[in-house]
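Student: After the structure tokens below, expect a handful of questions from me.
The values are calculated or read from the model by the stated rules, or taken from the named source; none is laboratory data. The shown structure was predicted, so the numbers you read here are calculated from the model rather than taken from an experiment. Using ideal geometry, Cβ is built from the backbone for each residue, glycine included, and neighbour counts are taken over all protein chains shown.
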Amino acid sequence: MTARPDERYWDLVETWPGERLREFQASALRRQLAYVGARSEYYRGRWRDLGFEPGDVRDLDDLAALPVVSKDDYAAALADAPPWGPFVAADPADVRRVHFSSGTTGQPTPVCWTQPDLDRWADLWARMAYSQGVRAADVHQCLFGYAWFVGGLGGTAGMARIGATVIPAGSGDTDRQLDTIARYGTTSVSGTPSFVLHLADVAASRGRPLRDSPVRHVQVGGEPGAGIPATRRAIEQQWGARCFDGYGSLEFQPIAWECTEQLGGHLAEDSVYAEVVAPDTRQPVPDGTPGVLVLTHLDKQACPLVRWWTGDVVVCDRAACACGRTHARLVGGVLGRQDDMLVVRGVNVFPSAVEQLVRRTPQAAGEYQIVLSDEVTDPVTGYLTAIGLRVETTATDTGRFARELAGAARAQLGVRCIVTPVPAGTLPRSTHKSRRVVREGAIRKDAT
């Protein structure tokens, strides 16, 4: 590993004063818009229709004049120009890798990377792990998936860049994962919170709790996890290690991550320009106010995106962090997805808030599901009147458990909750991303 000017930081750009960082972003944005306008068929055509020229953006605030672009826009454009779509701005000969969306709601969509894009991706992953205490002496076991999924290869490349020993284990084969941790002295792992908790549950049931293992660093992502205090606490207690949140997406890898202060993920502001906007007006909201994150690449070559609507609800904080890093933080990580928010008799409820409630409920064990069914739906309007909760429990008095959890939901979430207790180990486990919201019956998705 190359000697660092300051061993506390992977890159001193993390500590730049706000004015210097903003000047850098403005300059990088102007270069990027010129590149995108010249190379991306999609943006060139859309901007021409709007009468927009890249030179119209003089400073960062000018970018808000452009419309946002969503996954629906990406998919529609792909259908008109298969197989790669009109967003690709690099010469096809320069594309070195393609990753795909899950395809759970339609045809999988491709996102391309050039070699500089891959180098940037690996460096950001290294910066993330380094800020959480991972060093060259660590043995890292990557529990993110590798088949089609974007997470595993990014984690592997980043840890290798630090100089750590990497075990690309993937997200399956529980017994072998546990044997590998014990046999090879794994000190660091990364994976989805659901798989990390699943491994801990299995290890404990076999009398070899992971809190007795050498693992001291757990980095989770792909679904709400370390940003939810009760989930973080469960992971840290079961693993006997510190747990850190990481946030990324197929299109932006990675976006933000926690440092050792664990006070929200620092945005990679030298790689992306971030806006937080109101979901209805799409106007900027003040720091400390929830809004939807909108991102613009500052140096992506293959599939650059301008004002990308992530759909993720976040709260931005630009207050100084004790770690010395100056990049803005997303307090509490991703609070939820705007399209996943449940509206129950006018009360907005994010699945992450339900997870926080369940994880800190005594005798709640393992998995849970939010069940949306005819039982909790108004038969006339089709809108929710309550939520169903199917929860694993170790309680002997399941009736009392259900009543207490329902009461806590009413007090803390402000909604009626119908709790169905089930024995521990009943609900399905996932090695990738857990399916937390289940729709049963004729409930309308648009009613939630």
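Yes or no, residue by residue, for (1) within 30 Å of residue 92 (Cβ to Cβ); (2) of a type outside the set (Phe, Trp, Tyr); (3) out of contact with any His (no Cβ under 8 Å at 6 or more places or on another chain):
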{"site": "4", "(1), (2), (3)": "no, yes, yes"}
{"site": "12", "(1), (2), (3)": "no, yes, yes"}
{"site": "19", "(1), (2), (3)": "no, yes, yes"}
{"site": "25", "(1), (2), (3)": "yes, yes, yes"}
{"site": "32", "(1), (2), (3)": "yes, yes, no"}
{"site": "35", "(1), (2), (3)": "yes, no, yes"}
{"site": "40", "(1), (2), (3)": "yes, yes, yes"}
{"site": "44", "(1), (2), (3)": "yes, yes, yes"}
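Student: Sticking with this structure for a sec: Regarding residue 230, is this residue touching a helix residue (DSSP H, G or I) at 6+ places or on another chain (Cβ under 6 Å), surrounded by fewer than 24 Cβ atoms within 10 Å (Cβ to Cβ), under 22 Å from residue 354 (Cβ atoms) and hydrophobic (A, V, I, L, M, F, W, C)?
Tutor: yes
Student: From the list 345, 329, pick out the single residue that is touching a strand residue (DSSP E or B) at 6+ places or on another chain (Cβ under 8 Å) and modelled with pLDDT of 90 or more.
Tutor: Within the list 345, 329, the selection yields 329.
Student: Name the single residue, out of those in region 134-156 being under 23 Å from residue 242 (Cβ atoms), of a type in the set (A, V, I, L, M, F, W, C) and crowded, with 18+ Cβ neighbours inside 10 Å, that is modelled with the lowest pLDDT.
Tutor: Here the answer is 144.
Student: Still on this structure: Within region 306-338, track down each residue that is surrounded by fewer than 19 Cβ atoms within 10 Å (Cβ to Cβ), under 30 Å from residue 43 (Cβ atoms) and in contact with a helix residue (DSSP H, G or I) (Cβ under 9 Å, 6 or more places away or on another chain).
Tutor: Correct list: 311, 318, 337.
Student: Here's another thing I want to ask about it. Would you point out the residue of region 158-185, among those that are of a type in the set (A, V, I, L, M) and crowded, with 18+ Cβ neighbours inside 10 Å, that is nearest to the chain's Cα centre (by Cα)?
Tutor: Residue satisfying both the conditions and the ranking: 159.
Student: Which of the numbered conditions does residue 218 fail, given that it passes all the others? Conditions: (1) free of Cβ contacts under 8 Å to residues at least 40 places away in the same chain; (2) more than 21 Å from residue 436 (Cβ to Cβ).
Tutor: Among (1) free of Cβ contacts under 8 Å to residues at least 40 places away in the same chain; (2) more than 21 Å from residue 436 (Cβ to Cβ), residue 218 violates only (2).
Student: From the list 23, 7, which one is free of Cβ contacts under 8 Å to residues at least 60 places away in the same chain and surrounded by 14 or more Cβ atoms within 10 Å (Cβ to Cβ)?
Tutor: None of the other options fit; the residue is 23.
Let's see how each residue does on (1) at positive phi; (2) in contact with a Gly (Cβ under 8 Å, 6 or more places away or on another chain); (3) in a loop (DSSP other than H, G, I, E, B):
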{"site": "224", "(1), (2), (3)": "no, yes, yes"}
{"site": "230", "(1), (2), (3)": "no, no, no"}
{"site": "233", "(1), (2), (3)": "no, no, no"}
{"site": "253", "(1), (2), (3)": "no, yes, yes"}
{"site": "261", "(1), (2), (3)": "no, no, yes"}
{"site": "273", "(1), (2), (3)": "no, no, no"}
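Student: Okay, moving on. Which count do you get for residues in region 38-64 that are exposed (fewer than 12 other Cβ atoms within 10 Å of the Cβ) and within 27 Å of the chain's Cα centre (by Cα)?
Tutor: The total comes to 1.
Student: Restricting the search to region 130-181, which residues are of a type in the set (Ser, Thr, Tyr), within 23 Å of residue 206 (Cα to Cα) and assigned to a loop (DSSP other than H, G, I, E, B)?
Tutor: 171
Student: Report, ordered by the first and then the second residue, all pairs with beta carbons closer than 8 Å, sequence separation of six or more or different chains, a first member in region 142-164 that is within 25 Å of residue 109 (Cβ to Cβ) and among the acidic types (Asp, Glu), and a second member that is part of a helix (DSSP H, G or I) and at pLDDT below 95.
Tutor: As it stands, the answer is none, since no pair meets every condition given.
Student: Looking only at region 95-119, count how many residues are surrounded by fewer than 19 Cβ atoms within 10 Å (Cβ to Cβ) and closer than 29 Å to residue 14 by Cβ.
Tutor: Residues flagged as surrounded by fewer than 19 Cβ atoms within 10 Å (Cβ to Cβ) and closer than 29 Å to residue 14 by Cβ within region 95-119 amount to 6.
Student: Within region 53-89, which residues are closer than 29 Å to residue 21 by Cβ, in a loop (DSSP other than H, G, I, E, B) and out of contact with any Cys (no Cβ under 6 Å at 6 or more places or on another chain)?
Tutor: 53, 57, 58, 59, 66, 67, 68, 70, 89 - these are the residues of region 53-89 that are closer than 29 Å to residue 21 by Cβ, in a loop (DSSP other than H, G, I, E, B) and out of contact with any Cys (no Cβ under 6 Å at 6 or more places or on another chain).
Student: Can you list the strands (runs of 3 or more DSSP E) lying wholly within region 326-428 that have 1 or more residues being out of contact with any Phe, Trp or Tyr (no Cβ under 8 Å at 6 or more places or on another chain) and without any contact (Cβ under 8 Å) to a residue 40 or more places away in the chain?
Tutor: 347-349, 387-393, 417-423
Student: Please state which of the following conditions residue 277 fails to meet, knowing it meets all the rest: (1) closer than 30 Å to residue 197 by Cβ; (2) crowded, with 18+ Cβ neighbours inside 10 Å.
Tutor: Of the numbered conditions (1) closer than 30 Å to residue 197 by Cβ; (2) crowded, with 18+ Cβ neighbours inside 10 Å, the odd one out for residue 277 is (1).
Student: What's the number of the only condition in (1) within 27 Å of residue 275 (Cα to Cα); (2) surrounded by 17 or more Cβ atoms within 10 Å (Cβ to Cβ); (3) among the polar types (S, T, N, Q) that residue 348 fails to meet?
Tutor: (2)
Student: Which of the numbered conditions does residue 242 fail, given that it passes all the others? Conditions: (1) crowded, with 20+ Cβ neighbours inside 10 Å; (2) touching a His at 6+ places or on another chain (Cβ under 7 Å); (3) farther than 18 Å from residue 146 by Cα.
Tutor: Looking at each condition in turn, residue 242 falls short on (1).
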